[in-house]
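Here the structure comes first, spelled out in structure tokens, and everything after it is commentary.
The values are calculated or read from the model by the stated rules, or taken from the named source; none is laboratory data. Owing to the predicted nature of the structure, the values given are computational and were not obtained by experimental measurement. Counting neighbours? That spans all protein chains shown, and the Cβs are built from the backbone with ideal geometry, glycine included.
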Amino acid sequence: MLKRIEDWNYYELLSVERTASQDEIWEGYQAALATYRDGSLALYGLVLESERSLILERVQEAFQTLRDPARRKEYDLALLRHAPYFPPQVPFRKSVGKLEIDEAPPRKTLWSRIKRLWAKNP
């Protein structure tokens, strides 16, 4: 299921990671402008002219927000507040007590079995 363009966050609009540098944000902005510009073949028949102008406005807004460190920090905090909550999962064991490991019994090899046979029959 595809997300509506209104539901995309600024990082998705510019196709960059949340840890993107200023240079990566600039490159993402330029790529988004090239993708959504007038006459772009990438959008041919997919987006109406009115939708394309709204997308370009959102791309511009995304760039203005992400290029300013203070506004970007506020935006990241707002994203984190609206992020889904995943409760911590239980580790492999619930107890935190000391785990004791018993010594493994010695392996019985073929040679030890043969020696045992000869030891019983002198």
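Listed values, structure above:
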{"read-out": "The stretch 106-120 residues that are free of Cβ contacts under 8 Å to residues at least 60 places away in the same chain, paired with ones that are surrounded by 10 or more Cβ atoms within 10 Å (Cβ to Cβ) (beta carbon under 9 Å, 6 or more apart)", "value": "106/112; 108/116"}
{"read-out": "Of all residues making up the stretch 1-51, the number that are at pLDDT 85 or above and among the acidic types (Asp, Glu)", "value": "5"}
